[in-house]
Amino acid sequence: MTKEGCLSRGLRSGLCHRLPHSLLWSSTLHSRACFLHIFRPGPIKRAAHKESESEAKADGETASDSESRVEAATLPPSADDTPEVLNRALSNLSSRWKNWWVRGILTLAMIAFFFIIIYLGPMVLMMIVMCVQIKCFHEIITIGYNVYHSYDLPWFRTLSWYFLLCVNYFFYGETVTDYFFTLVQREEPLRILSKYHRFISFTLYLTGFCMFVLSLVKKHYRLQFYMFGWTHVTLLIVVTQSHLVIHNLFEGMIWFIVPISCVICNDIMAYMFGFFFGRTPLIKLSPKKTWEGFIGGFFATVVFGLLLSYVMSGYRCFVCPVEYNNDTNSFTVDCEPSGLFRLQEYNIPGVIQSIIGWKTVRMYPFQIHSIALSTFASLIGPFGGFFASGFKRAFKIKDFANTIPGHGGIMDRFDCQYLMATFVNVYIASFIRGPNPSKLVQQFLTLRPDQQLHIFNTLKSHLTDKGMLTAATEDK
């Protein structure tokens, strides 16, 4: 091969730097171009960089977006985490049917685990909610660490978990003060912590904030603020919603079990209808989701919600609010069921009467509310999953983690549950919950004697004016 041919080929392949300098000086125009390319790379590289930036902007993507896209592409792909026993047992099946059986078997295992923790009572349920919250936080924060390569940022892993501790202290402190009021007032240390709870919470957060500012490093400013925002958004999504789940639980086990079960039912039935009948894609964020699965899941979830509500409404252990008994130092779920959980007779519209032949039907009022819960779980709840799918696509990952074979991480299973928890809490506050007499009495007893006497006289005058309290009644 001639020198000119070698140099021309080296220029095209980017291997000119392998040639000795003497060849470069004695070559033709191609060699001079190659020489300039080697010893003066700055202008050429800058031009190439500008060209790539202009191409990216033409596609509606900024330079920072391009950088994030490249970084996201470095995330490791998900490995096959299916247990070896299932791999061997299902080795003769196609990948489609193998995935179907793996998901089905592990779904049944998770449902069995769900029944066990319900049987163990509200305290175990609260501990499970706490564990799920921590695992979801870990999965989302880990993605942030991987995407932004932030493992070496000073203090940041410590600060992320410190902020989680601070937010949990605030929310669970509020819950303890609200639902364990008598116990808190009985113990002097708890009473002091309860009185200054919000100030202590703010001080803890402010300490973390100052630590973050002190940890800022000149060459990592932008990266550190990325992760600071990432941590706070994760706290907003995960911790706040898990706090609402706990509040729903205290309203009665039925407000915890029915919404969660409706989301689970919709997830299963939408998958089943989509697997066997799915033909029409539903949304680009989740290519496997179909209209057939979406619609089939809706009707199946509404029927399931009505049946489950009917069964659970007949048991006090499910419908009574979870309260703390100071005498036994344990949770109790015994009460006189409210009107929501007493059978009532409803007239059936004339059009439906001609079809089914019934004029009236006996059902619990809570079943009507269950229609609203199951409708939200099947029509709006999946958008929590679509949101999670968009998040995962943005960072080119299949699942949040590999915790559950065939299902991904814990966050993959609870992406719809968090949205449902917020809806249930808002629904209870808007349509169900009224003033709680027991809490009012507890707060009344903590007042000074003169304040209690003032409230007593005010209440007495009010009842007398309304004719509910007479002189004879007062004498008695």
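Things to note:
- Filter result for Leu307 (at pLDDT 85 or above and farther than 23 Å from Asn266 by Cα): no
- Residue within the stretch 297-319 that is closer than 30 Å to Tyr179 by Cα, part of a loop (DSSP other than H, G, I, E, B) and open to solvent by 80 Å² or more (accessible area, probe 1.4 Å) present: yes
- Residues satisfying the stated conditions in the stretch 167-193, i.e. closer than 30 Å to Val233 by Cα and of a type in the set (A, V, I, L, M): Val167, Val176, Leu193
Every residue, every condition in (1) assigned to a helix (DSSP H, G or I); (2) in contact with a strand residue (DSSP E or B) (Cβ under 6 Å, 6 or more places away or on another chain); (3) farther than 26 Å from His407 by Cβ, yes or no:
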site	(1), (2), (3)
Asp327	no, no, yes
Tyr346	no, yes, yes
Val351	yes, no, yes
Phe366	yes, no, yes
His369	yes, no, yes
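- Out of Phe212, Phe170, sole residue that is of a type outside the set (Ser, Thr, Tyr), closer than 20 Å to Tyr418 by Cα and touching a residue at least 24 places away in the same chain (Cβ under 8 Å): Phe170
- When we screen Leu216, Leu190 for residues that are farther than 30 Å from Pro337 by Cβ and part of a loop (DSSP other than H, G, I, E, B), the only hit is Leu216.
- Failed criterion for Phe256 (all others in (1) more than 28 Å from Gly144 (Cβ to Cβ); (2) free of Cβ contacts under 8 Å to residues at least 40 places away in the same chain hold): (2)
- 2 or more residues surrounded by fewer than 16 Cβ atoms within 10 Å (Cβ to Cβ) and at pLDDT 85 or above: qualifying helices (runs of 4 or more DSSP H) within the stretch 74-184: 95-120, 122-148, 156-179
- Among (1) touching a strand residue (DSSP E or B) at 6+ places or on another chain (Cβ under 8 Å); (2) open to solvent by less than 60 Å² (accessible area, probe 1.4 Å); (3) of a type in the set (S, T, N, Q), the one test that Asn402 misses: (2)
- Given (1) surrounded by fewer than 13 Cβ atoms within 10 Å (Cβ to Cβ); (2) within 19 Å of Gly293 (Cβ to Cβ); (3) not small (Gly, Ala, Ser), index of the condition Arg362 fails: (2)
- Selected residue (criterion: most open to solvent (accessible area, probe 1.4 Å)) from residues of the stretch 198-234 that are in contact with a Cys (Cβ under 8 Å, 6 or more places away or on another chain) and of a type in the set (Ser, Thr, Tyr): Tyr205
- Condition check for Phe199: free of Cβ contacts under 8 Å to residues at least 40 places away in the same chain and either among the basic types (Lys, Arg) or more than 30 Å from Ala394 (Cβ to Cβ) (or both): yes
- A count restricted to the stretch 185-197 and to residues that are open to solvent by less than 90 Å² (accessible area, probe 1.4 Å) and of a type in the set (Lys, Arg) stands at 1.
- Looking only at the stretch 235-282, residues that are within 20 Å of Ile118 (Cβ to Cβ) and open to solvent by 40 Å² or more (accessible area, probe 1.4 Å) come to 4 in all.
The values are calculated or read from the model by the stated rules, or taken from the named source; none is laboratory data. Quantities reported herein were computed from a predicted structural model and do not represent experimental measurements. Neighbour counts are summed over all protein chains in view; Cβ atoms, including those assigned to glycine, are modelled from backbone coordinates with ideal geometry. We work out accessible area using only protein heavy atoms, side chains counted, and drop any ligands, DNA or RNA first. Shrake-Rupley method; radii C 1.70, N 1.55, O 1.52, S 1.80 Å.
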